[in-house]
Amino acid sequence: MGLFTDFEADVGGAQRKVISSAVAPLRRSDGDDGIPLANGATRPFRVTRQWSAPAGHYPERWYLVAPESREVLHEGPERLVLIWGLQAPTEVTDEVREPIPLEPGAYKLFFALGGLSGGDVDVEAFEAGGG
């Protein structure tokens with residue numbers, strides 16, 4: 001008998017999840033985290049996430065959602081990403097430079113890999129100072 005005879009691995013499900021994420025302004029003068037706004041629209045910001053999933057190529061995308069209504073307000077770009085595997089987190093980053101109409105407040109970003117949810121993060125949209 002082997003050492004792991006009583007061990008049963010949990011390998012059910014899709015085994016894809018975001019293990020860390022960050023949403024931050026591109027301009028340091030706009031702060032360290034969240035989505036900066038000016039005149040009812042976003043200023044440039046970055047969405048970074050690290051995926052843990054079985055190795056392979058997957059379509060990947062994120063969604064900006066109003067938490068109360070669960071309405072999708074914006075879909076990030078879809079791309080085909082190469083995931084390195086469960087033990088090697090794969091980082092994906094998008095820079096959003098085109099303004100998105102948005103009001104100050106709390107939102108959620110949902111992350112999808114291969115059409116399946118891999119997690120979400122709370123994010124605050126705030127009125128940025130300066131020009």
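I'd like the full set of residues that are of a type in the set (Asp, Glu) and without any contact (Cβ under 8 Å) to a residue 24 or more places away in the chain, limited to the stretch 34-82. If you could, list the steps in order and put the result at the bottom.
Step one: filter the stretch 34-82 for residues of a type in the set (Asp, Glu), giving 60, 68, 71, 75, 78.
GLU68, GLU71, GLU75, GLU78 - these are the residues of the stretch 34-82 that are of a type in the set (Asp, Glu) and without any contact (Cβ under 8 Å) to a residue 24 or more places away in the chain.
Out of everything in the stretch 90-122 that is touching an Asp or Glu at 6+ places or on another chain (Cβ under 9 Å) and among the small types (Gly, Ala, Ser), what residue ends up being most open to solvent (accessible area, probe 1.4 Å)?
At the first step, the residues of the stretch 90-122 found to be touching an Asp or Glu at 6+ places or on another chain (Cβ under 9 Å) are 92, 104-114, 118.
Pick out the ones that are also among the small types (Gly, Ala, Ser) and you get 105-106, 112, 114, 118.
On the way: GLY105: 19, ALA106: 58, ALA112: 16, GLY114: 34, GLY118: 10 Å².
My answer is ALA106.
Check GLY12 against each of (1) modelled with pLDDT of 95 or more; (2) loosely packed, with under 13 Cβ neighbours inside 10 Å and name the one condition it does not meet.
Only one criterion in (1) modelled with pLDDT of 95 or more; (2) loosely packed, with under 13 Cβ neighbours inside 10 Å is unmet by GLY12, namely (1).
Is it the case that some residue within the stretch 55-71 is more than 15 Å from the chain's Cα centre (by Cα), of a type in the set (A, V, I, L, M, F, W, C) and either open to solvent by 50 Å² or more (accessible area, probe 1.4 Å) or under 19 Å from SER21 (Cα atoms) (or both)?
yes
The values are calculated or read from the model by the stated rules, or taken from the named source; none is laboratory data. Given the structure is predicted, the values throughout are model-derived calculations rather than measurements. No Cβ is skipped: glycine too gets one built from the backbone with ideal geometry, and neighbour counts run over all protein chains shown. Calculation scope for accessible area: heavy atoms of the full protein, side chains included, ligands and nucleic acids excluded. Shrake-Rupley method; radii C 1.70, N 1.55, O 1.52, S 1.80 Å.
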